[in-house]
1. Filter region 189-222 for residues that are β-branched (Val, Ile, Thr) and over 16 Å from Glu102 (Cβ atoms) and give the result.
2. Residues Lys60, Lys132: which one is surrounded by fewer than 19 Cβ atoms within 10 Å (Cβ to Cβ), modelled with pLDDT of 90 or more and over 22 Å from Trp242 (Cβ atoms)?
3. For region 147-174: of the residues being under 24 Å from the mean Cα position of the chain (by Cα) and of a type in the set (Ser, Thr, Tyr), which is surrounded by the fewest Cβ atoms within 10 Å (Cβ to Cβ)?
4. Of Leu246, Leu230, which residue is aliphatic (A, V, I, L, M) and under 15 Å from Leu123 (Cα atoms)?
5. Looking for something of a type in the set (S, T, N, Q) and touching a Leu at 6+ places or on another chain (Cβ under 6 Å) - is there at least one such residue anywhere in region 3-10?
6. Hey, among Ser223, Ser144, which residue is surrounded by 17 or more Cβ atoms within 10 Å (Cβ to Cβ) and among the hydroxyl-bearing types (Ser, Thr, Tyr)?
7. Being β-branched (Val, Ile, Thr) and at pLDDT below 95 is the filter here; which residues of region 104-129 pass it?
Amino acid sequence: MIKNRLIIVAGPSCVGKSPLDRALKRFYPGLRDPMQPLVLYNSREPRPGEQDGIDYHFRKRESIRELEKDDRYIVMDVRGDLQALDLQTLNDQLGRSEVFFEGNPFIGKLLLTHPGVKHIDKLSVFMSPLSKEEIIYLSTPDKSIKMPSLVTDIMRRKLLRRTRKQKGILSLKDLEDIERRASSAYYELGMAWHFQYVIPNHDGEDSENWDAFYYPVGDARKSLDAFVRLLQNQSSSVAEQWDDILIQHDK
């Protein structure tokens, strides 16, 4: 029986997963450094600053398709990109230490539900751009708000700001990628109930609240503190638990 935990942090693109991980490494190295990263295969091109073998194993789409023929790999289409998980490598890593996965909810949900990983002890956290209270409040009929459109717009703005920081002038391909990711966000919120905890976070990857000051401030600080408490098996007043009827389209 594997005793080491698989730590899962998932959520829509640009919700704040990567800066949460960086803040954990910076301020709580004793918690983060012993964990090994779970590195997936990915068919997309690296973003500025990403490194092969550290952020992803970047491979051609055809190469990842070939992995489908081997039972040790699980291959998924994630917002138009092909990604693959190596189950054997994951089990080998867990034999040595805790393993940390930070990424999209499609892989996150798979890590919670796939028969090949059900024997693994897990801590699963979903980061959401809205709290449960905000979703309930904004979803009431008198508001006349279309929640999928609202969530898309929230994430579109975050993604635009992040990509401008990374690249400056955006290409048509950049804009198409942003729209694909933003449009997927509401559907991805429907996966949140599969996770043990949901951390609402308004300071996405575009926010300076993560690293402009000595210590994270605003929701960035609250998210970091909540995650640290969960890692230490403590309760958090920030972390929420969602049921399967809050966003009903994914069951």
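The values are calculated or read from the model by the stated rules, or taken from the named source; none is laboratory data. All of these numbers come straight from a predicted model, not from anything done at the bench. Using ideal geometry, Cβ is built from the backbone for each residue, glycine included, and neighbour counts are taken over all protein chains shown.
1. Val217
2. Lys60
3. Ranking the qualifying residues of region 147-174, first place goes to Ser149.
4. Values: Leu246 fails: under 15 Å from Leu123 (Cα atoms).
Residue meeting the stated conditions: Leu230.
5. Taking region 3-10 and keeping what is of a type in the set (S, T, N, Q), we get 4.
Those left that are additionally touching a Leu at 6+ places or on another chain (Cβ under 6 Å): 4.
Yes: region 3-10 contains one or more residues that are of a type in the set (S, T, N, Q) and touching a Leu at 6+ places or on another chain (Cβ under 6 Å).
6. Working: Ser144 fails: surrounded by 17 or more Cβ atoms within 10 Å (Cβ to Cβ).
Matching residue, one of Ser223, Ser144: Ser223.
7. Kept after step one, since they are β-branched (Val, Ile, Thr), are these residues of region 104-129: 107, 113, 117, 120, 125.
Those that are β-branched (Val, Ile, Thr) and at pLDDT below 95: Ile107, Thr113, Val117, Ile120.
Per-residue answers, yes or no, for (1) closer than 22 Å to Glu176 by Cα; (2) buried (at least 18 other Cβ atoms within 10 Å of the Cβ):
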site: Gln51; (1), (2): no, no
site: Tyr56; (1), (2): yes, yes
site: Glu66; (1), (2): no, no
site: Ile74; (1), (2): no, yes
site: Asp77; (1), (2): yes, no
site: Phe100; (1), (2): no, yes
site: Ile120; (1), (2): no, yes
